[in-house]
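To start, the structure under review is shown below, and the notes come after it.
The values are calculated or read from the model by the stated rules, or taken from the named source; none is laboratory data. Computed from a prediction, not measured in an experiment: that's the story for all the values here. Note that we place each Cβ from the backbone using ideal geometry, even for glycine, and neighbour counts take in every protein chain shown. These area figures cover heavy atoms from the full protein model, side chains too; ligands, DNA and RNA do not enter into them. Shrake-Rupley method; radii C 1.70, N 1.55, O 1.52, S 1.80 Å.
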Amino acid sequence: MAGFLITFEGGEGGGKSTQIARLAAHLRSEGHSVTITREPGGSPGAEAVRHIILSGTAEELGPEWEAVLFAAARADHVAELIQPALQRGDIVLCDRFHDSTRVYQFLDPENDQALMERLERVALNGVYPDLTIVLDVPAEIGSDRARKRRGHASADRFEKDDVQVQEERRRAFLKIAANEPERCMVVDGNRPADDVAAEIRALVDDRLEARRFEDIDRSLKLGHEQ
Ligand code: TMP
């Protein structure tokens, strides 16, 4: 089976990293080989760019230039880590991906949407997620969780935005999910972690099973053609 790319998206404090760890443990127990990664970051080059962006150094350049940096980091991450893992047949679990750029950098319709589409195409180089899980949590609750998790550390470039902006981002993720129902599943993250993990496990198992049948179908067809 070719690899399978699952991205996790949503606002701050949605519980993405907890759920990724839980899903990875489940998939490994089923015998799958799993690669866990994150954005911005995931490869040495992209991790360096992560630091520049999240420290706020690039903020004054504006959202479009920040998007260029995210795209550069993503191109490196895709080429260096994601594509090789998929070619090995791994299930790749990625904490944030291109939907985060759509939401965080291009939320304002005045930003150059054509630029966004071009950057997205170049950075992804044809590697689109097979499944995207949007962990949905009200912005107020998510910000609160993120604040508690940070402890005494200061908020990063995006965590410091106010709750109203975070709520707009939440709506933007939900809109992407509504526009692409085949790829995106919205999961209510405002529940006990065990319940969220069980729902994610069930829907990923379903998708992997569907993929297995598609693969069998394809090889049967190939067999007939030969
Ligand atoms: P996180 O790793 O703690 O989620 O931090 C990443 C931050 O970067 C988060 O606030 C969302 C933001 N971000 C973007 O603005 N655009 C992007 O394309 C990605 C991947 C993340």
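Give the residues of segment 84-106 that are away from the ligand (no atom under 14 Å from the Cβ), open to solvent by 20 Å² or more (accessible area, probe 1.4 Å) and within 16 Å of the chain's Cα centre (by Cα), sorted by residue number. Selection gives Leu86 alone. Determine, yes or no, whether Ala210 is without any contact (Cβ under 8 Å) to a residue 60 or more places away in the chain and either out of contact with any Lys or Arg (no Cβ under 6 Å at 6 or more places or on another chain) or surrounded by 12 or more Cβ atoms within 10 Å (Cβ to Cβ) (or both). Taking the combined requirement at face value, the residue satisfies it. Selection of segment 55-72 for residues being within 20 Å of Ala155 (Cβ to Cβ) and part of a helix (DSSP H, G or I) yields Glu59, Glu60, Leu61, Pro63, Glu66, Leu69, Phe70.
Does Leu81 count as touching a Phe, Trp or Tyr at 6+ places or on another chain (Cβ under 9 Å), free of Cβ contacts under 8 Å to residues at least 60 places away in the same chain, more than 10 Å from the ligand (Cβ to nearest atom) and of a type outside the set (D, E, K, R)? So that I can check it myself, show each step before the final result.
Numbers: touching a Phe, Trp or Tyr at 6+ places or on another chain (Cβ under 9 Å): no; free of Cβ contacts under 8 Å to residues at least 60 places away in the same chain: yes; more than 10 Å from the ligand (Cβ to nearest atom): yes; of a type outside the set (D, E, K, R): yes.
So Leu81 fails the test.
Considering only residues that are of a type in the set (Val, Ile, Thr) and within 11 Å of the ligand (Cβ to nearest atom), look in segment 45-67 and name the one that is most open to solvent (accessible area, probe 1.4 Å). Among them, the one singled out is Val49.
Residues being surrounded by fewer than 21 Cβ atoms within 10 Å (Cβ to Cβ), modelled with pLDDT of 95 or more and within 11 Å of the ligand (Cβ to nearest atom) are represented in segment 16-36 by at least one member. Restricted to segment 159-171, and to residues there that are outside any helix (DSSP H, G or I) and within 11 Å of the ligand (Cβ to nearest atom), the residue that is farthest from Leu54 (Cα to Cα) is Asp161. Gln226 passes every criterion in (1) at pLDDT below 95; (2) in contact with a strand residue (DSSP E or B) (Cβ under 9 Å, 6 or more places away or on another chain); (3) not aromatic (Phe, Trp, Tyr) apart from (2). For segment 107-158, the candidate set comprises residues that are polar (S, T, N, Q), within 14 Å of the ligand (Cβ to nearest atom) and in contact with a helix residue (DSSP H, G or I) (Cβ under 7 Å, 6 or more places away or on another chain); within that set, the residue that is farthest from Val92 (Cα to Cα) is Asn111.
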